[in-house]
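Notes follow the structure.
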């Protein structure tokens, strides 16, 4: 299992564009991806699930990745988060 956190810097928080980019980065991997924020957990491969977190600027997202390709998935998602939120 791989875990990392990311503090949202985008003043708009997680909206459709970054949620879609994160989900599309997670989908090719076999590993499961869950994202938690404020007591809620979302499927990191689903745009609407990520948006349902209601994460805003300054909130901390906790990513948990489990599966065969978890290390590669975690690194890809870390980079994508830095780029988009």
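Picking from residues in segment 19-44 that are in contact with a strand residue (DSSP E or B) (Cβ under 6 Å, 6 or more places away or on another chain) and part of a loop (DSSP other than H, G, I, E, B), the one that is farthest from residue 66 (Cα to Cα) is 44.
Name the single residue that is farthest from residue 4 (Cα to Cα) among those in segment 53-65 being surrounded by fewer than 16 Cβ atoms within 10 Å (Cβ to Cβ) and touching a strand residue (DSSP E or B) at 6+ places or on another chain (Cβ under 8 Å).
Keep residues of segment 53-65 that are surrounded by fewer than 16 Cβ atoms within 10 Å (Cβ to Cβ), which gives 54, 56-58, 60, 62.
Of the ones still in play, those that are also touching a strand residue (DSSP E or B) at 6+ places or on another chain (Cβ under 8 Å) are 54, 58, 60, 62.
On the way: 54: 19, 58: 16, 60: 10, 62: 6 Å.
Among those that are surrounded by fewer than 16 Cβ atoms within 10 Å (Cβ to Cβ) and touching a strand residue (DSSP E or B) at 6+ places or on another chain (Cβ under 8 Å), it is 54.
Every number here is computed from the coordinates shown, using simple stated rules; none is lab data. In this text the structure is predicted, and so the values were computed from the model without any measurement. FYI the Cβ positions are ideal-geometry reconstructions off the backbone, even for glycines, and counts take in every protein chain you see.
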